[in-house]
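Visitor: There's a structure below that I have some questions on.
Every number here is computed from the coordinates shown, using simple stated rules; none is lab data. Quick caveat: nothing in here was measured; it's all calculated off a predicted structure. When we count neighbours, we look across all protein chains shown, and the Cβ atoms used for this are built from the backbone with ideal geometry, even at glycine.
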Amino acid sequence: MTTLNSILVLVATFLAVFWEAAFDGIRHFLGAQIDLLPALMVYASLCCGLATMTAVAVIGGLLFDTLSANPLGITILPLFVCGFVLYSQRELVLRNQLFAQAVIGLAASAIVPLLTVLLLLTCSTAPLLGWGSLWQWLVMALGGAMATPVIFQFFELFDRALNYRRTAETSFRPDREIRRGRK
């Protein structure tokens, strides 16, 4: 992964948090806001290095907590744990398949809010929980499942547009002479 791709992932992290805070259309329509940070963590952990994945967790968590009612820094640990688990198992994951991307996005988008609520409860902060929280959690998980393949396709498009493709080398050399016939 190049430095340009890491920068694009960090810019996308900033834009995802900005989008969640600035545009209320989905929140008013569904009654819950879709969180794109777990989907970005899935991409960063499967396709980028450990430094980029950690930067997405720290920067994304701090930006998210700054614009929410969460204590500053509480979202960093759930994002990092989710990303690190995926990063440590990245050789086993079929990261190029849409179904695998959606399932991993669903799992990450469901686990990160649960871990955040668990941290809030252990920090003696009383989050607002009720039956509506179950609906919000479901919308966040399904939204993350749909957003993860889109994010993979988006970054693949940028990768094809901005990076060189390696040429496939054949074993045939055009300057090689082939002798035919008998000696």
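Visitor: Working only with C-alpha atoms, what are the Rg and Dmax values of segment 3-162, expressed in angstrom?
Guide: Spelled out, the Cα radius of gyration and Dmax of segment 3-162 are 14.9, 48 Å.
Visitor: Return the single residue from 73, 144, 60 with maximal mean-square fluctuation; model: Gaussian network over the chain, springs between Cα atoms under 10 Å.
Guide: Highest fluctuation of the listed residues: 73.
Visitor: Here's something else I'd like to know. Below 14 angstrom from the Cβ of residue 8, what's the summed charge of the other residues (Lys, Arg +1; Asp, Glu -1)?
Guide: -1
Visitor: Based on the Kirkwood radius over alpha-carbon pairs, what value in µm²/s does the Stokes-Einstein equation return for the translational diffusion coefficient of segment 38-102 at 25 °C and 0.890 mPa s?
Guide: Rounded to a whole number, D works out at 204 µm²/s.
Visitor: Kindly express, to the nearest 10 degrees and within the range 0 to 90, the angle between helix 131-162's C-alpha long axis and the longest C-alpha principal axis of the chain.
Guide: 30 degrees
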